[in-house]
Amino acid sequence: MMSCKRLLDVALSLLLLCLLSPLLLLTALAIVLESGSPVLYRQTRLGLHGEPFGMLKFRSMVQNAAAIGPYFTQTDDPRITRVGRFIRRTSIDELPQLCNVLRGEMSLVGPRPDVPAQRALYSDADWAQRCSVRPGITGLAQALYRSESTEAQRLAADLRYTHEASCWLDLKILLLTCKRLSGKGGN
């Protein structure tokens, strides 16, 4: 039997993919027109129990960006395309992760999945706790801070989520995330 969280993940992901399909197609077209294909970028991330998976995103950087610079981006990173700046600012680049949710690799809500190089930032206990739930498209840290959190704030929010996870908390985080994306949410 499907848990409440997984049922919510599948139902909302399917609904969002249907409702947002015109936006997804327009985004793909804009990427192709500006910088060619591929439209999607698959990056290795660590999920439930630290298992690697290929997280999908709309490509927001020049082709072969990983060969040009580090795994993280910096302010005014020259690898980011014009379309890329817009889809990052609006979080449209994250929408292909709805497919990761449908595949069971991610959840709508959970700690954001890390790249393997970030594993070294955690103690063994914190890493095990953080990876005890599926990673999410959004999480408590994103709902509270968007991208302005320190590593300590993000870790604290991620660990708090793993201890308090529930369908009710997921719905609250989804609403907070929507408010922050619309510009109506604050710190």
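Give me Rg over Rh for the chain, both radii from the alpha carbons and Rh done the Kirkwood way, two decimal places. Dividing the radius of gyration by the Kirkwood radius yields 0.95. Between 0 and 90 degrees, the angle of helix 4-19 with respect to the longest Cα principal axis of the chain falls at about 20 degrees.
Each Lys or Arg adds one and each Asp or Glu subtracts one; over the other residues with Cβ under 12 Å from the Cβ of LEU155, this totals 0.
Per residue, the accessible area of the chain comes to 56 Å² when a 1.4 Å probe rolls over the protein heavy atoms.
Computed 3J(HN,Hα) for the stretch 48-58, one whole-Hz value per residue from the Karplus formula 6.51 cos²θ - 1.76 cosθ + 1.60 where θ = phi - 60°, is 3, 6, x, 6, x, 8, x, 7, 8, 8, 5, glycine and proline marked x. Rg/Rh for the stretch 89-187 (Cα atoms only, Rh after Kirkwood) is 0.94. The helix-only estimate of mean residue ellipticity at 222 nm for the chain, built from DSSP H runs of length n ≥ 4 each weighted as -39500 (n - 2.57), is -14500 deg cm²/dmol after division by the residue total.
The values are calculated or read from the model by the stated rules, or taken from the named source; none is laboratory data. Just so you know, these numbers come straight off a predicted model, no measurement behind them. So basically every Cβ, Gly included, is an ideal-geometry build from the backbone, and we count neighbours across all protein chains shown. With ligands, DNA and RNA removed, areas are computed over all heavy atoms of the protein, side chains included. Shrake-Rupley method; radii C 1.70, N 1.55, O 1.52, S 1.80 Å.
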